[in-house]
1. Identify all residues within region 587-620 that are assigned to a helix (DSSP H, G or I) and in contact with a strand residue (DSSP E or B) (Cβ under 9 Å, 6 or more places away or on another chain); write none if there are none.
2. Listed residues Asn32, Asn44; which is open to solvent by 50 Å² or more (accessible area, probe 1.4 Å) and either at positive phi or modelled with pLDDT of 80 or more (or both)?
3. Take Ala621 and decide whether it is crowded, with 16+ Cβ neighbours inside 10 Å and at pLDDT 85 or above.
4. Can you tell me which of Gln721, Gln745, Gln795 is open to solvent by 20 Å² or more (accessible area, probe 1.4 Å), modelled with pLDDT under 85 and not in a helix (DSSP H, G or I)?
5. Looking only at region 454-470, how many residues end up being of a type in the set (D, E, K, R), farther than 30 Å from Gln412 by Cα and more than 13 Å from the chain's Cα centre (by Cα)?
6. Among residues belonging to region 94-137 that are crowded, with 23+ Cβ neighbours inside 10 Å, modelled with pLDDT of 90 or more and more than 20 Å from Gly159 (Cα to Cα), point out the one that is farthest from the chain's Cα centre (by Cα).
7. Within region 471-497, how many residues turn out to be on the phi > 0 side of the Ramachandran plot and under 17 Å from the mean Cα position of the chain (by Cα)?
8. Which of (1) closer than 24 Å to Tyr587 by Cα; (2) surrounded by 18 or more Cβ atoms within 10 Å (Cβ to Cβ); (3) without any contact (Cβ under 8 Å) to a residue 40 or more places away in the chain is the odd one out, the single condition Ala759 does not satisfy?
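The values are calculated or read from the model by the stated rules, or taken from the named source; none is laboratory data. Because the structure is predicted, anything quoted here is derived from the model rather than measured. Positions of Cβ are generated from backbone atoms using ideal geometry, with glycine treated the same way; all protein chains shown enter the neighbour counts. To get the accessible areas, we keep the full protein, side chains included, count just its heavy atoms, and leave off ligands, DNA and RNA. Shrake-Rupley method; radii C 1.70, N 1.55, O 1.52, S 1.80 Å.
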Amino acid sequence: MQTMFRLDSYQQTLAIKFAVEEINMNPKVLDNRTLGLQVYKTCNVPHYEVQGALHLLSESGTAIPNYRCHGRSDYSAVIGSLYSINSIIVANILGVFRYPQISAQSSISLLSNQIMFPSFVRTVPIDKEQSKGLAKLILHFGWTWVGLLAVENDYGLQGIQPIREEIIRAGGCVAFTEYIRVSQLDHNAPHIVKVIKESSAKVVMIFSTDPELVPIMSEMLKQQIKGKIFVSNAAWSMTNLFSAGRFSPILSGTIGFFINNRVIPGFSTYLNDVQPTMVESWENLYWEKLFNCKFLYEKNTTGPLDPAVTECTGAESIDSIKNSFSYINSLTFTHGYYAAVYVVAKALEDLKNCKSREGTYSYIGCKDNIHFKPWQLLHYIRNVRVTLSSGSDIYFNKNGAIPAVYDIVNWQLTLEGTMRPVKVGSYETVTSSGQFLNINSSRLLWSMGEKEIPRSVCSESCPPGSRKAAIRGQPVCCFECVPCLQGDISNQTDSVDCLKCPWDQWPNLGKTECLQKTIEYLNYEDPLGAALSTSSILSSTIPVSILMLFIYSKDTPIVKANNYFLSCLLLVSLSLCFLCSLVFIGYPHPENCVLRQAAFGLVFALCISCILSKTIMVVFAFMATRPGSSLRRWTTPQVSYMIVFACFLLQFLLCVTWLSFAPPFPQYNTHSKPGLIIVECNEGSPIAFWTMLGYLFLLATISFIVAFLARRLPDSFNEAQFITFSMLAFLSVWVSFIPASISAQGKYTVAMEIFAILASSWALVICMFLPKCFIIVFRPDMNSREHLMRRDRDQSRRKLN
């Protein structure tokens, strides 16, 4: 017969007894052997825990350290203890002798150290797995600004540290970390509650056991803490200490983990059949705790009862309380103890069925597998795998613990005004779906019954179109939202940096996406381009019409007196001046860029050269009339043609040089106007461009000066006055063009140059040819030789007087 030694009490003890009886009723489990049980009452006091462990080892009435009274022990394993701190103490003793110790509640991560505790295993997940799961739960709801509270012992310190690390690793921040000082009478409650109340964190993670939280919760009631959401670990998430309605303003909406407690088939019936006895027993102790009463035995009938406690009669009915929270809570951890018994039974069976030369301990053989050493059984306990009647598959991982499976519970207010934990999800570390965290959000109720998930952030999320900027001296979760700079976007919430759009794209108004930039150039479909092109074409017909009029009237005195052939050349060049503006309209292809400025410069050079030639010829003609003048030979038409050719040649050479070494080319201008790509012609050499304009300005200036000086020469058809006005208008237009072109951008720069071309061309047409056309068409009497001679005589007479 193999026996086990038990260090805990009450409901969990009944679960062990139920498992032992179930195993002994099935002869196939241990091959007709029975499994015994010895219960040792310790009241969860470390001193008694140590005493029980020493009693197990020494096998005597008095515990003697390092001494065994018998050569062989009847005890094969120990199940216990309840609290982690007690298990550490017992495991230090049992580990020396490699006595198997199985705990169903001690979850502290320290016990996973197989060097310090070589014989300790447990049917409960370790706190490190729970801590990682709690951190995932916090981050699942988007809570990045969290306060931490833990009991100041190994259990709390080792439990809260992984949570802190996981939150920070995931990008969250810890608003504060406080500890429940159990060494102080008030557990440091006033200070802790003050920190919670003043903190902007709406969520507080509490890693503690329920007794240590009583002073904290009482202080919260005193200071009227509201609007906080608490996250609980498994040690207090199912407690009934705070189920009273007075705690609902504080704890309503609390969410946390609880160890998955599967239903043991037949155990409820077993508990219902429990009946108290007339002597002190575990059944009586369970009965007293369940109904909050006290049995009066003969030896204590004279002792007074606590007024709050009634006398147990044995007639109390479990049916009246089996649906209550306190009764359901009393079954907590029973499955773990039930599983621990089956782990020992299966290990004993595996040890019995061992084969020589197989297994870790094969060198000792299997002849005496009935009388074995505890450390031999430990090997089979660590490698056990057993499926329980509840459907659970029990095995131990490398840390000596079962895989983590937690229920997620949410504290909700009942119609009776009390609080009740409601299962809303689960957390598993071993799952085929890969989904560790499963939550039914529709079942969640937060503080005072609210359905909306509360927010707990230091700074609200930065919307797309902005980026996070750290605040000096604050955690990374506390930041400012700064709009993206011009040309940058951010298309995600809480972007750390803004992204620059490609050169051909531009942000939308919200700076959340890059849009294709609009390509801008002066085209014929554009209203401005259409208006300018129409004006250019119509305007070019005016010089052509005047040319036809001049050809028709070429034998008249007014046409002859103004150098007919030079006037025709001037009219042709003016028509080309109007038409050359069409080259500036349309997409700037490379050939357009090369042609537009060269055509403009050459055509206007020809036009101004003709005017300059006419001006000089007026002066030469007047001076040649003087007696003995040698300038008569310079008044021939060939001289005027030479002047035109020479002036035009200089401009032609300048343009050829320009186009040979630095020709204009099309380019994309993305800087002048945000959101636009301006397709324009780069002049190649700004010096050559402005030299070309400067040469035109020089010709016009010379023409203006010479015409101004010759404006009073006695000639009936003297053009000097008209040339003076035309050059003055021409110079005024192009001087005004310089600042206007610098201030304009994009297609308006091109439009400004076209306007200058049209305006200056119209100035020349009006000033040079409108008076002549008026005389030819409307005053033919003035277009006669007699009128010419009479006017000359009148002018001479006025000079003599």
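1. Our first condition is that a residue be assigned to a helix (DSSP H, G or I); within region 587-620, this holds for 590-620.
Correct list: Pro590, Asn592, Cys593, Val594, Arg596, Gln597.
2. On the way: Asn44 fails: open to solvent by 50 Å² or more (accessible area, probe 1.4 Å).
Exactly one of Asn32, Asn44 is open to solvent by 50 Å² or more (accessible area, probe 1.4 Å) and either at positive phi or modelled with pLDDT of 80 or more (or both), namely Asn32.
3. Details: crowded, with 16+ Cβ neighbours inside 10 Å: yes; at pLDDT 85 or above: no.
So Ala621 does not fit the description; no.
4. Details: Gln721 fails: not in a helix (DSSP H, G or I); Gln795 fails: not in a helix (DSSP H, G or I).
Answer to the check: Gln745.
5. To start, the set of residues in region 454-470 that are of a type in the set (D, E, K, R) comprises 455, 460, 467-468.
Still in the list and also farther than 30 Å from Gln412 by Cα: 467-468.
Remaining after also requiring more than 13 Å from the chain's Cα centre (by Cα): none.
Here the count works out to 0.
6. Taking the candidates together, the pick is Pro100.
7. Let us first name the residues in region 471-497 that are on the phi > 0 side of the Ramachandran plot, namely 473, 487, 494.
Among the residues that remain, those that are also under 17 Å from the mean Cα position of the chain (by Cα) are: 494.
Qualifying residue count for the region: 1.
8. (2)
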